[in-house]
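Asks: Next up is a structure, given as structure tokens.
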Amino acid sequence: MAKAETMFFGKAPKKRRKFQLKWAKLLHFLFLFALTLLILEMSWLYLANLFQKAVVARVGVIEKGAWMEVLLLREEQLVTAPVAGRMTMLIKSGTRIPRNEIIAWLDTNEKSREKNLEISAATLELYKQYQELMQDEIAQKKDLERIRNNIAWWSEHSGHNISDPDLELLKQEKERVLRTIQKILPQERQIRQKLKPVLNRWRFITSEQAGYFSLATDGWEKRLQPAAFESLTEDDFKRDYPSKKPGNYVKAGEVIGKLIHPFKQLVAVKVHPEQAGRVKKGDLWRLKTKNGWVEAPVTYLKKINGQPVIAGVEIPLTATDLTLPRQGRMFIVYQKVTGVAIPVQALYQQADLSYCVRIVKGSSYREQIVQVLASDGSKAIVTGIEAGTTVISR
């Protein structure tokens, strides 16, 4: 009996220890599992916060631009040779010259073997004086004709309250003009006599107007002027415009260059709506030229089938290189958006494809719907928040 009791009471503690050991292992496993979950959660939060930062929205600008096809439309006047001969140029291409400037001279002696003959500066200056006298004579004769017509009209209507003093003033003006002409003619003859040996062999080519002289021409100077903007087609941008220059010997009537009006130049731009968006008159563009950036509004706009196809922008002639071909490519900034700027990583797209930002609020945040006006890939201009707002960016 004592032995049985000993056995019974001896086995009970062993079972209890085994049961306690199982519970200890289970609790240890649950603790490790909870610790693992906690570590994973903290790691995820750490990694998530590692790539997030708070940024302050600022006022910013986004510009969009592209290389576009352009045509340069200018007021141009062709310069031709009056006679055949060997030509010597005096003006370099791209030089701005006044009216009546000597551009070149022609040696009309075809049999002469002499080359590189020079005309002295004094002879050139004498010819300029001769030319000015001739033009002054022409102007005075036109004025004289006008005065004579007025005198004839006033004399015919002398019975219609026309005073004699007025008629007398016209007669005095007529006498003054006649005296001026009589003074010009002897000077003109004298200079012409001095220039006779030169004029018998050489002919001078002078500028009929002020402007920039260009030795290169493409044959489209009369057709592609600013007034021709409305008649432009897309084919004008596809055409080639090879430049050509005259040789040393020119024929009578041959083009030797052109004079470009110094003020007005129209840049016709072929617009791709899918690239530049909707273009309208008044849009302020920035054009990159040889001498830097030029800012100018879109002044002209031509639509085909309801879509803007060709835009016209006026820029100073001095901004571009006169040696450039008529057709080319120019980098144009066609859009400039100013507003509240944030990183694109601060934008979160929602299920309805709208965008929102997460505004910092204490230790948390709240979402705010925004509208994206423009984006350049790194920052976005948005509405819906104000400058100075702190948002979360990834």
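Asks: Check the stretch 266-289 and report whether any residue there is polar (S, T, N, Q) and touching an Asp or Glu at 6+ places or on another chain (Cβ under 6 Å).
Replies: Of the residues in the stretch 266-289, the ones polar (S, T, N, Q) are 275, 289.
With touching an Asp or Glu at 6+ places or on another chain (Cβ under 6 Å) added as a condition, the list becomes none.
No, every residue in the stretch 266-289 fails to be polar (S, T, N, Q) and touching an Asp or Glu at 6+ places or on another chain (Cβ under 6 Å).
Asks: Another question about this same structure. Can you tell me which of Tyr300, Tyr365 is modelled with pLDDT of 90 or more, open to solvent by 60 Å² or more (accessible area, probe 1.4 Å) and in contact with a strand residue (DSSP E or B) (Cβ under 8 Å, 6 or more places away or on another chain)? Walk me through it before giving the result.
Replies: Working: Tyr365 fails: modelled with pLDDT of 90 or more.
Of Tyr300, Tyr365, the one residue that is modelled with pLDDT of 90 or more, open to solvent by 60 Å² or more (accessible area, probe 1.4 Å) and in contact with a strand residue (DSSP E or B) (Cβ under 8 Å, 6 or more places away or on another chain) is Tyr300.
Asks: Can you tell me which residues in the stretch 60-96 are open to solvent by 40 Å² or more (accessible area, probe 1.4 Å) and under 25 Å from the mean Cα position of the chain (by Cα)?
Replies: Correct list: Val61, Glu63, Lys64, Trp67, Glu69, Glu75, Gln77, Ser93, Thr95, Arg96.
Asks: Give me the residue from the stretch 126-144 that is charged (D, E, K, R) and under 21 Å from Glu175 (Cβ atoms) and, out of that set, most open to solvent (accessible area, probe 1.4 Å).
Replies: Narrowing the stretch 126-144 to residues charged (D, E, K, R): 128, 132, 136-137, 141-143.
Still in the running and under 21 Å from Glu175 (Cβ atoms): 136-137, 141-143.
Values: Asp136: 62, Glu137: 24, Lys141: 101, Lys142: 136, Asp143: 42 Å².
Filtering first and then ranking leaves Lys142.
Asks: Which strands (runs of 3 or more DSSP E) sit wholly inside the stretch 232-325 and have at least 2 residues that are among the β-branched types (Val, Ile, Thr)?
Replies: On the way: elements: 255-270, 284-289, 292-304, 307-314.
Correct list: 255-270, 292-304, 307-314.
Asks: Within the stretch 205-244, restricting attention to residues that are under 18 Å from Pro82 (Cα atoms) and of a type in the set (Val, Ile, Thr), which residue is surrounded by the most Cβ atoms within 10 Å (Cβ to Cβ)?
Replies: So, considering only residues that are under 18 Å from Pro82 (Cα atoms) and of a type in the set (Val, Ile, Thr), the one surrounded by the most Cβ atoms within 10 Å (Cβ to Cβ) is Ile205.
Asks: Would you confirm whether any residue within the stretch 265-280 is at pLDDT below 90, of a type in the set (Asp, Glu) and either under 16 Å from Val309 (Cα atoms) or open to solvent by 20 Å² or more (accessible area, probe 1.4 Å) (or both)?
Replies: yes
Asks: I've got another one for you. Please tell me if Val340 is open to solvent by less than 80 Å² (accessible area, probe 1.4 Å), within 30 Å of Ala311 (Cβ to Cβ), in contact with an Asp or Glu (Cβ under 6 Å, 6 or more places away or on another chain) and assigned to a strand (DSSP E or B). Don't jump to the end; show me each part of the working.
Replies: Values: open to solvent by less than 80 Å² (accessible area, probe 1.4 Å): yes; within 30 Å of Ala311 (Cβ to Cβ): yes; in contact with an Asp or Glu (Cβ under 6 Å, 6 or more places away or on another chain): no; assigned to a strand (DSSP E or B): yes.
Against the criterion (open to solvent by less than 80 Å² (accessible area, probe 1.4 Å), within 30 Å of Ala311 (Cβ to Cβ), in contact with an Asp or Glu (Cβ under 6 Å, 6 or more places away or on another chain) and assigned to a strand (DSSP E or B)), Val340 does not qualify.
Asks: Suppose we keep only residues that are open to solvent by 50 Å² or more (accessible area, probe 1.4 Å) and assigned to a strand (DSSP E or B) within the stretch 343-357. Which one would you say is nearest to Ala387 (Cα to Cα)? Full working, then the answer.
Replies: Keep residues of the stretch 343-357 that are open to solvent by 50 Å² or more (accessible area, probe 1.4 Å), which gives 345, 349-353, 355.
Then drop every residue that is not assigned to a strand (DSSP E or B), which leaves 349, 355.
Details: Gln349: 21, Tyr355: 18 Å.
Checking each candidate, the answer is Tyr355.
The values are calculated or read from the model by the stated rules, or taken from the named source; none is laboratory data. Because the structure is predicted, anything quoted here is derived from the model rather than measured. Reconstructed Cβ throughout: ideal geometry from the backbone, glycine too, with neighbour counts over all protein chains shown. Just the protein is used for accessible areas: all its heavy atoms, side chains included, with ligands, DNA and RNA removed. Shrake-Rupley method; radii C 1.70, N 1.55, O 1.52, S 1.80 Å.
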